[in-house]
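The values are calculated or read from the model by the stated rules, or taken from the named source; none is laboratory data. A quick note: this is a predicted structure, and the numbers were derived from the prediction, not measured. With ideal geometry, Cβ positions are generated from the backbone for all residues, glycine too; neighbour counts draw on all protein chains shown.
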Amino acid sequence: MNHVLPLAAALAFALVAQDAHAQDGMDDGLYGTSMMETADDDADAFMDEVGIGEDTAAPDDAALEEYDTDGKVIYLLCITGPRDSGDTVDKKCGDVKIKLRRDYPRHRIVRLDNPTEERMERIKEYKQDDIAIVIIVTHSTPGPTDEDWDVWDTELDPIDFAECFYDEFIIWNGCYSRALCHQADNILPVQCDEDFLPVADDTWREIAECLFETEGPVTRDEVCREVVGEDWSDGAEE
């Protein structure tokens, strides 16, 4: 009888330890990272980096003309590299992020530097209901033909970004965005004219404000006309 109680106590201790270990496994998630981690801008990295599954669903042609901003995350994509010798994009991105935090304190601002196409597709697949808008800060210039665009320091074309976030608005803060926006319906330009974009230009802010003040889905032309008026309407004719 004296041996029974110690044995029972040992078995009880083992069961408690096993249960605690199982709970730790649940807290850490399948890939060893807590599913509750949301502390900083890289909180999306868990699903972003380890997300493995089917490719992002193909866009619905019927939904390509209207978009909403129902999500709570604003993605700021910064395309930087050696061609930007003055660090203009990096400095502009820092300024944009500060102003976004000030303007939209209830949204989370996630900055991504030079994201790959695969990474953006994973974000879209796993975070699609959380995305409000996407803002791209980069240098962009016309390419060899009317349909080519040189987005500095990346091999991606504007349409690649548009397809990765096919049913989200993308504000293109870069030169020649007026002509570039015709690559896809969800690219919002910050210019009426086809020209260089001054680094101090904050038209992206007006575009974002228009989007967040709009109730329900809107089209690109509706947003642009609201921000720049008849100048956009007159210039919209091809």
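What tally of residues in the stretch 98-113 results from selecting those that are basic (Lys, Arg), over 10 Å from the mean Cα position of the chain (by Cα) and either within 22 Å of Thr88 (Cα to Cα) or crowded, with 17+ Cβ neighbours inside 10 Å (or both)? Spell out how you get there, then give the answer.
Restricting attention to the stretch 98-113, the residues satisfying the condition of being basic (Lys, Arg) are 99, 101-102, 106, 108, 111.
If we keep only those that are over 10 Å from the mean Cα position of the chain (by Cα) as well, we get 99, 101-102, 106, 108.
Subset that is either within 22 Å of Thr88 (Cα to Cα) or crowded, with 17+ Cβ neighbours inside 10 Å (or both): 99, 101-102, 108.
The number of residues fulfilling the criteria is 4.
In the stretch 152-182, how many are closer than 20 Å to Lys124 by Cα and of a type outside the set (Asp, Glu)? Spell out how you get there, then give the answer.
Just the residues of the stretch 152-182 that are closer than 20 Å to Lys124 by Cα, to begin with: 154-172.
From the residues that got through so far, the ones that are of a type outside the set (Asp, Glu) too are 154, 156, 158-159, 161-162, 164-166, 169-172.
Count: 13.
Between Ile123, Ile79, which is surrounded by 15 or more Cβ atoms within 10 Å (Cβ to Cβ), in contact with a Leu (Cβ under 9 Å, 6 or more places away or on another chain), more than 21 Å from Pro189 (Cβ to Cβ) and in contact (Cβ under 8 Å) with a residue 40 or more places away in the chain?
On the way: Ile79 fails: more than 21 Å from Pro189 (Cβ to Cβ).
Answer to the check: Ile123.
Can you confirm whether the stretch 133-151 contains a residue that is of a type in the set (Val, Ile, Thr), buried (at least 20 other Cβ atoms within 10 Å of the Cβ) and at pLDDT below 95?
Restricting attention to the stretch 133-151, the residues satisfying the condition of being of a type in the set (Val, Ile, Thr) are 133-138, 141, 145, 151.
Then keep just the ones that are buried (at least 20 other Cβ atoms within 10 Å of the Cβ); that gives 133-138, 151.
Add one more test, that the residue is at pLDDT below 95, and what stays is 133.
Yes - at least one qualifying residue is present in the stretch 133-151.
Taking the conditions exactly as written (under 26 Å from Asp221 (Cα atoms), at pLDDT below 95 and not small (Gly, Ala, Ser)), does Glu65 satisfy them or not? Explain how you work it out, then say what you get.
Values: under 26 Å from Asp221 (Cα atoms): yes; at pLDDT below 95: yes; not small (Gly, Ala, Ser): yes.
Judged against the criteria, Glu65 is a match.
Can you list the helices (runs of 4 or more DSSP H) lying wholly within the stretch 114-231 that have 3 or more residues being within 24 Å of Gly94 (Cα to Cα) and under 12 Å from the mean Cα position of the chain (by Cα)?
Working: elements: 117-127, 158-164, 177-180, 203-213, 220-228.
Those helices (runs of 4 or more DSSP H) span 117-127, 158-164.
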